[in-house]
Amino acid sequence: MTGPFWALIARDVRLASTASGGLLTGVLFFLAVIVTVPFGVGPDLNLLSRIGPAIMWIGALLATLLGLERLFQSDKDDGALDLMRLVDAPVSSFVIAKVIAHWIGSGLPLVVVTPVFSLLLALEPPAIAALTATLFIGTPALSFLGAVGAAFGVTLRRGALLMAVIILPFSIPILIFGVAATRAAIVEPDPFWPPFALLGAISLIYAVVGTLGAAMMIKINDG
Amino acid sequence: MGFMWSGARVILDEVAFSRGEHLLANGISIQLAGGDALALVGPNGSGKTSLLRVLAGLAEPEDGTLTVSVDSAVDDVPRAALVHLGGHQDGLKTQMTVRENLAFWRSYFGVGEGASIACALKALAIGHLIDLPVGVLSQGQKRRVALARLTISPRPIWLLDEPTAALDVASSERFLNVVEEHRAQGGIVVAATHTLLDLDGLQTLDLSSYAPQDFSDESGEGTRVRDAESYWLEGAHT
């Protein structure tokens, strides 16, 4: 497939998978969080499997936000951001392309390694399945949300600090519903589908709001 | 190449533009047709780059009207799809090879009747660099790779910002040949520059004479747009 949209996704995924790209960094950061927590918590398997989903989600949240600051900055620095606007397509279309590529390069690898990493936190198979599903549905929301922060970063100096302040409050609902749905797979009476459906809804809302917000920030910046 | 742009034109009518809150120039009127070349000159900060961005549609003019178009079967080709911006930044990723970088921009901008990547690089004498990562290239080589982008996805209007900066004499001659070929095909070139570009019939637009504070000064009125020879021979402020 050709066209600007797919070309951009292909290039960004290719860049993420290079040695200096974010793919490996994110996965290693995720692993670091998961490996160190059991040592801090101590040898209590029940406790570990109870707080395991929350730890995995916090790890995923931080690992996703890790590389987001650079989402538009590197293209801004080398002038590519201006050139990308010279096609017959709205700014929001390349924002979507970049966010999808970011998710493929950071969110998706976390989802893929989750079943293996979950074993380190003594999670049961149902919890592992639920956790993988919630991360799959929820991490795109983090990428879209982060795009707004990254666009802020392009516009304003000291963007990274601002980004953390702006992004973190809005990432809390994702965390709450993601962990709630996963907990339902462990604790019997809790329902799985309501929080899971809400998580999906948040992803869809953030996809729209995040795209439009980031596109607006980039246009203001260049205007 | 047998192919021609028909009816490419860039028309500025009393255009004023600014950078941030600061009005840089106003009252610019000029018409360019296929085959024309215009050099934007003026001291640093006089708005050469800003005007290129306005022409590219990345920024809006403060006042006046701006037409960038070609005759085409499809009405309303958006301006963004007609212009190439050769900025002073190269838009190249250092981790990827020359071929990968250009292949990306080729599929991003669309191919059309463009030259192949190898041909475009050969025209600028950098064919041997095709499989090297951009990160190891010198400044001048990077610039030439960025200029190769102009020919791999053809567009009628080239907006160039200091295109020959960082290029040696032989390379800038090769590049000017590429520019002449583009003009022969009916394309338009607008270049911000500090050096005399050796192009036939090059017009010059001196932005310093459009600066708002000079606006009441009548002396500039008739001589704002003139041919390049007189600009460079007689000096900027005659």
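Here are some notes:
- Restricting the range A:64-81 to residues that are in a helix (DSSP H, G or I) and small (Gly, Ala, Ser), the residue that is nearest to the other protein chains (Cβ to nearest Cβ): A:80
- Filter result (closer than 14 Å to residue B:142 by Cβ and either over 14 Å from the mean Cα position of the chain (by Cα) or modelled with pLDDT under 80 (or both)) within the range B:69-99: B:87, B:88, B:91, B:92, B:93, B:94, B:95, B:96, B:97, B:98
- Selection count, the range B:88-104, where residues are touching a residue at least 40 places away in the same chain (Cβ under 8 Å), more than 7 Å from chain A (Cβ to nearest Cβ) and surrounded by 17 or more Cβ atoms within 10 Å (Cβ to Cβ): 3
- Subset of the range A:1-21 (residues that are surrounded by fewer than 17 Cβ atoms within 10 Å (Cβ to Cβ) and more than 7 Å from chain B (Cβ to nearest Cβ)): A:1, A:3, A:6, A:17, A:19
- Once the range B:1-29 is narrowed to residues that are more than 16 Å from residue B:64 (Cα to Cα) and crowded, with 20+ Cβ neighbours inside 10 Å, the residue that is modelled with the lowest pLDDT is B:5.
- Residue within the range A:28-49 that is surrounded by 17 or more Cβ atoms within 10 Å (Cβ to Cβ), among the β-branched types (Val, Ile, Thr), assigned to a helix (DSSP H, G or I) and within 15 Å of the chain's Cα centre (by Cα) present: no
- Condition check for residue B:32: crowded, with 22+ Cβ neighbours inside 10 Å and modelled with pLDDT of 90 or more: no
- Condition met for residue B:157 (over 19 Å from the mean Cα position of the chain (by Cα) and surrounded by 19 or more Cβ atoms within 10 Å (Cβ to Cβ)): no
- Being in contact with an Asp or Glu (Cβ under 7 Å, 6 or more places away or on another chain), closer than 30 Å to residue B:209 by Cα and among the β-branched types (Val, Ile, Thr) holds for only one residue in B:65, B:97, and it is B:65.
- Set side by side, the residues B:85, B:23, B:38, B:55 differ, and just one is more than 14 Å from every other protein chain (Cβ to nearest Cβ) and either part of a loop (DSSP other than H, G, I, E, B) or closer than 24 Å to residue B:178 by Cβ (or both), which is B:38.
- Some residue of the range B:119-133 being surrounded by 17 or more Cβ atoms within 10 Å (Cβ to Cβ), more than 12 Å from every other protein chain (Cβ to nearest Cβ), within 26 Å of residue B:78 (Cα to Cα) and of a type outside the set (Asp, Glu): yes
- Scanning the range A:165-175 for any residue that is of a type in the set (A, V, I, L, M, F, W, C), touching a Lys or Arg at 6+ places or on another chain (Cβ under 7 Å), in a helix (DSSP H, G or I) and touching a residue at least 24 places away in the same chain (Cβ under 8 Å) turns up nothing.
- The residues of the range B:28-51 that are touching a Phe, Trp or Tyr at 6+ places or on another chain (Cβ under 8 Å) and closer than 16 Å to residue B:185 by Cα amount to a single one, B:34.
- Candidate set: the range A:82-118, residues that are more than 22 Å from the chain's Cα centre (by Cα) and part of a helix (DSSP H, G or I); chosen: the one surrounded by the fewest Cβ atoms within 10 Å (Cβ to Cβ): A:82
- Between B:107, B:69, the distinction of being on the phi < 0 side of the Ramachandran plot and more than 8 Å from chain A (Cβ to nearest Cβ) belongs to B:69 only.
The values are calculated or read from the model by the stated rules, or taken from the named source; none is laboratory data. Please read all numbers here as calculations on a predicted model, not as lab measurements. Reconstructed Cβ throughout: ideal geometry from the backbone, glycine too, with neighbour counts over all protein chains shown.
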